[in-house]
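Computed from the coordinates by the stated procedures, all read-outs in this text should not be read as laboratory data. Remember, it's a predicted structure, so these values are computed and weren't measured experimentally. Cβ coordinates were reconstructed from backbone atoms using ideal geometry, including for glycine residues, and neighbour counts include every protein chain displayed.
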């Protein structure tokens with residue numbers, strides 16, 4: 001082999017060696033990159049695992065501050081003290097059928113629901129407070145609402161009629177009275193095509209709710225869902241005609257305003273005679289005849305339903321403005337707020353929103369007598385009008401006798 005051939009062979013071997021070195025270098029770079037990617041994935045997985053673990057204590061801390069620290073904090077945020085909150089959770093779980101999920105306990109579900117009702121917070125605000133997703137907030141809100149409505153028969157009571165043992169000056173004149181009833185407008189949000197049906201006489205888009213309460217400001221009947229354009233008399237007749245609707249035992253009465261028929265079971269004031277409490281006073285502003293005295297005492301007693309409406313709106317902010325829910329859900333929310341109102345009044349030993357009512361109705365009767373006759377129609381009658389006149393005259397004669405003495 002001559003010199004040129006040897007040089008060519010050496011150059012070929014050198015090129016092969018250089019190629020091998022390049023391949024080795026590339027393989028090393030590839031391995032380092034694969035190793036770095038693997039370590040990065042492990043770090044990201046570790047960070048995600050740490051993030052999931054770190055979220056749980058934040059949620060637990062929020063619930064601890066909400067319901068475990070003091071009654072003041074619990075009342076301010078959930079409208080009930082810790083004892084009432086625990087009892088509500090127990091009833092919703094064991095009677096209403098509310099079940100815990102893998103990540104959300106019963107207490108947190110109920111706290112989410114009460115927080116929305118008490119402060120009318122949007123989902124984006126509640127999910128930030130409770131460190132949950134918007135889907136979780138919406139899901140558990142509807143689950144708790146459904147469980148609460150299952151407690152309808154447990155939270156609505158049969159009222160006690162006024163008898164001879166009553167010494168309350170507002171009610172003792174109306175023997176056999178079970179309370180008062182009235183309708184109220186609650187603003188709702190509906191589709192544009194339905195706004196005409198829900199627009200009331202005041203021009204607001206609202207739903208009409210017929211509610212009945214007893215002397216202790218406890219709701220005994222709630223009918224929600226009628227459009228705001230419906231007249232009170234139409235809603236009233238529908239409530240009486242329903243199979244499980246407004247039931248008034250024969251011989252008992254409810255106080256109502258002039259918008260309702262003065263007939264058996266429902267005692268309305270005299271039309272064309274001053275009625276509202278701010279129209280009365282001493283001297284010339286005192287009642288001048290039997291009808292005025294009757295209207296004055298009727299107004300004092302029936303004012304309980306107005307105070308109950310005011311307390312209900314003060315407690316639940318979601319009733320004071322349009323709610324961002326379908327109309328069917330909004331009507332259920334109205335019913336749920338009334339049920340919670342009764343629960344709070346019968347459970348809490350002291351409610352700061354109603355200090356003027358120290359005696360709470362804590363021993364209600366929930367028994368029904370199927371053999372008892374009920375009023376099944378709403379019609380005025382001369383007999384009922386004469387009975388009202390006799391009642392007004394007896395009030396006036398007794399009142400004049402006490403003044404002359």
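Structure summary
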item: Packing-based exposure ordering (other Cβ within 10 Å, fewest first) of 224, 193; result: 193, 224
item: Options (i) 81, 21, 16; (ii) 72, 22, 18; (iii) 32, 25, 18 - which one matches semi-axes √(5λ) of the Cα gyration tensor in Å as calculated here; result: (ii)
item: Extension gain (nm, one decimal) between residue 150 and residue 398, 0.36 nm per residue minus Cα-Cα; result: 84.5 nm
item: Per-peptide average of other Cβ atoms within 10 Å, ordering 133-139, 83-89 highest first; result: 83-89, 133-139
item: Extension gain from residue 16 to residue 192, taking 0.36 nm per residue of separation minus the Cα-Cα distance; result: 55.3 nm
item: Stretch gain in nm, segment residue 238-residue 32, where the contour uses 0.36 nm per residue and the Cα spacing is subtracted; result: 66.2 nm
item: Among beta bridges that DSSP assigns inside the chain, antiparallel share in %, nearest 5; result: 80
item: Protection-proxy order for peptides 94-104, 338-348, each taking the mean of Cβ atoms within 10 Å per residue, highest first; result: 338-348, 94-104
item: Three-way shape label, the range 126-241, alpha-carbon gyration tensor, a/c 1.5; result: oblate
item: Pairwise FRET efficiency - residue 129 versus residue 271, Cβ, R0 = 51 Å, nearest 0.05; result: 0.50
item: Sorted by Cβ neighbour density within 10 Å, fewest at the top, the residues 208, 3; result: 3, 208
item: The range 161-404: relative contact order in percent, alpha carbon pairs under 8 Å with at least 6 residues between; result: 23
item: Separation of the residue 101 and residue 320 label points, Cα + 7 Å toward Cβ, nm; result: 3.0
item: Fewest-first ranking of 122, 175, 252, using other Cβ atoms within 10 Å as the exposure measure; result: 122, 175, 252
